[in-house]
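Some notes on the structure that comes next.
The values are calculated or read from the model by the stated rules, or taken from the named source; none is laboratory data. Remember, it's a predicted structure, so these values are computed and weren't measured experimentally. Cβ placement follows ideal geometry from the backbone for every residue including glycine, while neighbour counts extend to all protein chains displayed.
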Amino acid sequence: MPVLHVSVDDLRPGMYIVDTGVSWIDRPFLYAKEGMIRSQAEIVEIIHQGFAEAYYDTEQSEIKPVEPISFERSDKSPTPLAVASLAEELQQAESTYTDCVKQAKEFMLEARTGMVDLEPSIPLVHGIIDSVNRNVDALTSLSKIKHYDEYTFAHCVNVSIFSVAFGKYLGFDQQQLYLLGMAGLFHDLGKMRVPIEILNAPRRLTDEEFAIMKTHAQLGQDTLSSVKGIASEILMGAGQHHEKHDGSGYPNHLVGAAISLYGRILSVADCYDALSAKRVYKDAIPPSKALSIMFQMRNGAWEPGLLERFIKMLGIYPVGTPVELSFGFRGVVSKSNPASPLRPVAAVVRAPNGKMIDPPRTVDLSKHADIKITQPLTAGEASDIDILAILKSSDEG
Ligand SMILES: [Fe+2]
């Protein structure tokens, strides 16, 4: 089968895309949904989703081959260059994070009266973008380390953070990141118009209660619509963050490309934060476990490739994950390794005999074939590990 490699910029209707079986772990920006490309709109959609390259079969295609491209040209890896170390950025990110949660609480409580003011949140979203630009691991790890009793408010901030980080990874420009950040921050505004006894129920909801809870997506969009000149991307984020690729979501059962890219990104960020969060009725789930649950549900929920790229961005063991290592050592992931996601850098803090290792020893697992991560630790198992302090003193290998 004569297969040629092509940049997404050179895709044309009539090309037959093939799935070469290359792992998304190795090539997260490879578009590999097998079949004929039928329209220019389809190509625009592929580019919008952040894909960079594809392979097509010249025999099955209806058009003549274009000049093949070199791998270097197509692999426009958008992995950001950190301009601050994790330890440095955490110092600043902590106040950015607490300021955001404080502001989220303010605008969410105000929304109970039907009022909404976006203005005070604008500099805070810029603060999130600036931090993500300097070192994405600071806010993404912080959001999983800090535990607030008032989940609803911290969740708004966390979805904003993960949406901005993911948008950056997918190659969004600064204005798009701003819209994503605002959409993330305000995505659950409608929850404040849901009766408080349902919103804060310390248990799983009944079917009737869940039906009422589901109205929050439309209610949020309606409330935000009253803001003069509000960007449609922010409205779509609120209204579409529970839609699913296969049409099984709500409120409008939108299918596939009918869901805006903003709605899709928010959906991934929302699901990740909700699954991994500690709630009154459930313990926090380790980030890597949350990602593996999402991986199992990916087919109906998101278009092919989207979740895979989110996992590629965070790493299979995201930074800040407490882990058990070979021989019974314990540590905290301090730097991901995109080339070998199962072998990140870890700060080893506890010896097999239970003794603390102080200061922690930084081990690059990609350079130690004899040591591997055996499992992530639950919050209970890691309760004696001060993850934030370890990351603040980490030298990242
Ligand atoms: Fe929601």
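One residue stands out among those in segment 236-248 that are free of Cβ contacts under 8 Å to residues at least 40 places away in the same chain and more than 20 Å from Lys33 (Cβ to Cβ): the one that is nearest to the ligand (Cβ to nearest atom), which is His242. For segment 315-333, the count of residues that are in contact with a Phe, Trp or Tyr (Cβ under 8 Å, 6 or more places away or on another chain), outside the structural domain of Arg27 (by TED's automatic domain parsing) and under 20 Å from Leu170 (Cβ atoms) is zero. Here the helices (runs of 4 or more DSSP H) wholly within segment 67-137 that include at least 1 residues being farther than 30 Å from Asp57 by Cβ and modelled with pLDDT of 95 or more are 86-111, 122-134. Just to be sure before I move on: is Ala154 crowded, with 24+ Cβ neighbours inside 10 Å, assigned by TED's automatic domain parsing to the domain that holds Leu90 and within 16 Å of the ligand (Cβ to nearest atom) in the structure I sent? It is false that Ala154 is crowded, with 24+ Cβ neighbours inside 10 Å, assigned by TED's automatic domain parsing to the domain that holds Leu90 and within 16 Å of the ligand (Cβ to nearest atom). Candidates Glu209, Glu197: the one that is more than 15 Å from the ligand (Cβ to nearest atom) and in a helix (DSSP H, G or I) is Glu197.
Yes or no, residue by residue, for (1) of a type in the set (Lys, Arg); (2) surrounded by fewer than 23 Cβ atoms within 10 Å (Cβ to Cβ); (3) assigned to a helix (DSSP H, G or I):
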site: Lys228; (1), (2), (3): yes, yes, no
site: Gly237; (1), (2), (3): no, no, yes
site: Asp246; (1), (2), (3): no, yes, no
site: Gly249; (1), (2), (3): no, yes, no
site: Leu254; (1), (2), (3): no, yes, no
site: Gly263; (1), (2), (3): no, no, yes
site: Ala274; (1), (2), (3): no, yes, yes
site: Met294; (1), (2), (3): no, yes, yes
